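Quick notes on the structure that follows.
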Amino acid sequence: MIRILFICHGNICRSAAAEMILTQMAKERGILKRLTIDSAATSTEEIGNDVYPPMKRALHAHGIRCLDHSARQITSRDYDEYDLLIGMDRENLRNMRRLWPDDPDGKLHTMMEYAGRPGAQVADPWYTRDFEATIRDVTEGCEGLIVSLGL
């Protein structure tokens, strides 16, 4: 079982979308039983909230099923509980490194590393309002992640 945690600022847009997109991809490919997929936030701002409604609508328009979701904040235990902790941008990664400064197992990554664009970031649609670009980037990252895992 490979355990993956997607991380963004509030856990209501990008990381939640990544969780939903990878879950659907894995289900369609018959590999869902080989993965545990979750998401979390670096902040406390949206704790307990569902996926942001415009993101939910954009996912639905792409045929992505939104699962039940309640935003949560990362905890120090997450490093031991997950094999990969994937942030959506450099700020997320910086906040992750505050909690896990040493990263002895090399678990901390950014989403766009898996899309073959390690310096790029998944733009936050809360600010850009470009939910389509976010879904494209996250989908590309999830495709690359599946390939990198050999699944």
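The values are calculated or read from the model by the stated rules, or taken from the named source; none is laboratory data. Owing to the predicted nature of the structure, the values given are computational and were not obtained by experimental measurement. Because the Cβ atoms are built from the backbone with ideal geometry, glycine has one as well, and the counts that use them run over all protein chains shown. Each accessible area value is taken on the protein alone, full model and side chains, heavy atoms only, with ligands, DNA and RNA left out. Shrake-Rupley method; radii C 1.70, N 1.55, O 1.52, S 1.80 Å.
Taken over the range 135-148, the criterion of being closer than 17 Å to residue 32 by Cβ and either open to solvent by 30 Å² or more (accessible area, probe 1.4 Å) or among the hydroxyl-bearing types (Ser, Thr, Tyr) (or both) is satisfied by 139, 143, 147. Annotation note: Cβ proximity below 7 Å between a residue of the range 7-29 that is of a type in the set (Lys, Arg) and a residue that is outside any helix (DSSP H, G or I) and open to solvent by 10 Å² or more (accessible area, probe 1.4 Å) (sequence gap 6+ or interchain) occurs for 14/124. Out of 35, 151, 93, one residue alone is in contact with a Lys or Arg (Cβ under 7 Å, 6 or more places away or on another chain) and either open to solvent by less than 70 Å² (accessible area, probe 1.4 Å) or without any contact (Cβ under 8 Å) to a residue 24 or more places away in the chain (or both). It is 151.
Applying the set (1) open to solvent by 20 Å² or more (accessible area, probe 1.4 Å); (2) touching a strand residue (DSSP E or B) at 6+ places or on another chain (Cβ under 8 Å); (3) not β-branched (Val, Ile, Thr) to residue 30 leaves exactly one unmet item: (2). Which one is modelled with the lowest pLDDT, of the residues in the range 96-123 that are of a type in the set (D, E, K, R) and open to solvent by 30 Å² or more (accessible area, probe 1.4 Å)? Result: 102.
Only one of the numbered conditions (1) assigned to a helix (DSSP H, G or I); (2) over 15 Å from the mean Cα position of the chain (by Cα) is not met by residue 117, and that is (1). Residues in the range 45-75 that are touching a strand residue (DSSP E or B) at 6+ places or on another chain (Cβ under 7 Å) and either surrounded by fewer than 20 Cβ atoms within 10 Å (Cβ to Cβ) or charged (D, E, K, R) (or both): 3 in all. Contact map, the range 45-72: first residue more than 21 Å from residue 25 (Cα to Cα) and in contact (Cβ under 8 Å) with a residue 40 or more places away in the chain, second residue in a loop (DSSP other than H, G, I, E, B) and of a type outside the set (A, V, I, L, M, F, W, C), Cβ cut-off under 7 Å, separation 6 or more or different chains; pairs are 71/10; 71/11; 71/46; 71/48; 71/49; 72/11. For the condition more than 14 Å from residue 131 (Cβ to Cβ), loosely packed, with under 15 Cβ neighbours inside 10 Å and touching a residue at least 24 places away in the same chain (Cβ under 8 Å), residue 42 does not qualify. Counting only helices (runs of 4 or more DSSP H) wholly contained in the range 1-102, the ones carrying 1 or more residues that are more than 26 Å from residue 151 (Cα to Cα) occupy 53-61, 90-99.
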